[in-house]
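A.B. asks: My questions will all concern the structure given below.
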Amino acid sequence: MNKGLLIVVSGPAGSGKGTVNGKLLESDAYAFSVSATTRAPRPGEVDGVNYHYVTREDFERRIRAKEMLEYTEYCGNYYGTPLRETLEALNAGKNMILEIEVEGALNVKRVYPEAVLIMLLPPSFAVQEARLRGRATETEEKILERLERTRAELPELSHYDYVVYNYDGGADTCADDIRAIVRAERCAVRRHRTAAAEYFETH
Ligand code: 5GP
């Protein structure tokens, strides 16, 4: 009854998922799953906060030891969700946010069907492209790679449970939408299968 919800938030580059998730994490009711990765830290990123930065050997050892809830290889690096941390957060009643790409999200749903899959999207592909170019922090090649990736991933939207659009300046609204989704999901009858029997048994 008091277990937290496993929430997967996916979104293409430029969807603002980091900002939106940051707003959710202002509340103690939410926790963020720190993934393991073999990619190098970017400037400003902190080990244990953004990711657990590990070697390929270590990552492969974790896979063999079944320490990952899911993992994927993305642009030449491993990324994966540590299983134990996720289960501990859920058992502590936290809503656990996994900020992961589409393939990983679908794998989570397979092994943990109670997960809620949310896709965060810019209002349109054209707006996404404008946002990426506006950042001016990435090379043209990287921008094109991310846009191509979006074309490949978006058909999988049909396997998600919810889509939330992030209009310009809309991060607060998106966070509100996700809190509303979580609130409704916690009341879903399929999450309360024994409710009828318990109703008569409880004094
Ligand atoms: P970045 O290198 O930009 O931090 O992440 C690249 C992509 O990997 C993003 O779409 C991010 O959401 C995704 N990602 C981060 N951690 C994980 C993870 O643990 N598992 C999976 N499947 N994807 C992840």
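What follows is calculated from the coordinates using simple rules that are stated; it is not laboratory data. Note that the coordinates shown come from a computational prediction; the quantities given were computed from them, not determined experimentally. All Cβ positions, even for glycine, are placed from backbone atoms using ideal geometry, and neighbour counts span all protein chains on display.
A.B. asks: What lysines could a cross-link reach from Lys66, if we take a straight Cα to Cα line under 25 Å and drop same-chain neighbours fewer than 8 places away?
C.D. replies: Reachable lysines: Lys3, Lys94, Lys109.
A.B. asks: Please compute the Kirkwood hydrodynamic radius of the chain from all pairs of different C-alpha atoms, in Å with one decimal. Could you put the intermediate results ahead of the total?
C.D. replies: Details: mean 1/r = 0.0551 Å⁻¹.
Computed over the chain, the radius equals 18.2 Å.
A.B. asks: I've got another one for you. Could you give the longest part of the chain that holds none of the trypsin sites (Lys or Arg not before Pro) found in DSSP loops with at most 10 neighbouring Cβ atoms within 10 Å?
C.D. replies: On the way: sites that count: Lys66, Arg193.
Looking at the chain, 67-192 is the longest stretch - no exposed trypsin sites (Lys or Arg not before Pro) with at most 10 other Cβ atoms within 10 Å.
A.B. asks: Another one. Given the rule -39500 (n - 2.57) for each run of at least 4 DSSP H residues, summed and divided by the residues of the chain, what is its mean residue ellipticity at 222 nm, to the nearest 500 deg cm²/dmol?
C.D. replies: Values: 8 runs with 84 residues, N = 203.
For the chain, the value works out to -12500 deg cm²/dmol.
A.B. asks: Obtain the nm distance between the two label points defined at Thr19 and Ala188 by a simple spin-label model: each point lies 7 Å from its Cα along the Cα-to-C-beta direction.
C.D. replies: A separation of 2.8 nm, rounded to one decimal place.
A.B. asks: Looking at the chain, send over the antiparallel percent of its DSSP beta bridges, to the nearest 5.
C.D. replies: Values: 8 of 26 bridges.
Once the DSSP bridges in the chain are tallied, antiparallel ones form about 30 percent.
A.B. asks: Between Met119, Gly14, Asn107, whose Cα lies farthest towards the positive end of the dipole of the chain when Lys and Arg beta carbons carry +1 and Asp and Glu beta carbons carry -1, centred on the Cα centre?
C.D. replies: Sorting the options by dipole projection puts first Asn107.
A.B. asks: Within the chain, what's the longest stretch lacking GluC sites (Glu not before Pro) that sit in DSSP loops with no more than 14 other Cβ atoms inside 10 Å?
C.D. replies: 46-113
A.B. asks: Neighbouring Cβ atoms within 10 Å as the yardstick, rank Leu132, Leu120, Leu25 fewest first.
C.D. replies: Working: Leu132 21, Leu120 24, Leu25 14.
By the 10 Å Cβ count, ascending, the order reads Leu25, Leu132, Leu120.
A.B. asks: May I pose another question? Treat every Asp and Glu Cβ in segment 6-190 as -1 and every Lys and Arg Cβ as +1, leave all other atoms uncharged, and give the resulting dipole magnitude about the Cα centre to the nearest 20 debye. The partial results should precede the final answer.
C.D. replies: Details: 24 positive and 30 negative charges, 51 e Å.
In total the dipole reaches around 240 debye.
A.B. asks: A follow-up question, please. Between segment 49-118 and segment 24-39, what's the alpha-carbon centroid distance in Å?
C.D. replies: Comparing the Cα centres of segment 49-118 and segment 24-39, I get a distance of 11 Å.
A.B. asks: Another question about this same structure. Measure nothing but the geometry: give the 0 to 90° angle between the long axis through the Cα atoms of 140-153 and the longest principal axis through the Cα atoms of the chain, rounded to 10°.
C.D. replies: Taking Cα atoms only, the helix is inclined about 30 degrees.
A.B. asks: Give me the percent relative contact order of segment 11-78, please, defined on Cα pairs under 8 angstrom at least 6 residues apart. All intermediate terms of the calculation are to be shown ahead of the outcome.
C.D. replies: On the way: 44 pairs, mean separation 18.2, N = 68.
Result for segment 11-78 is 27 percent.
A.B. asks: Report the convex hull volume per residue for segment 1-60, counting only C-alpha atoms, in Å³. Kindly include the intermediate steps, with their values, before the conclusion.
C.D. replies: Numbers: hull volume 8.0 nm³, N = 60.
Each residue corresponds to 133 Å³ of Cα convex hull volume.
A.B. asks: Extent of segment 131-172 along each principal axis, from alpha carbon coordinates, in Å, largest to smallest?
C.D. replies: 33, 27, 9
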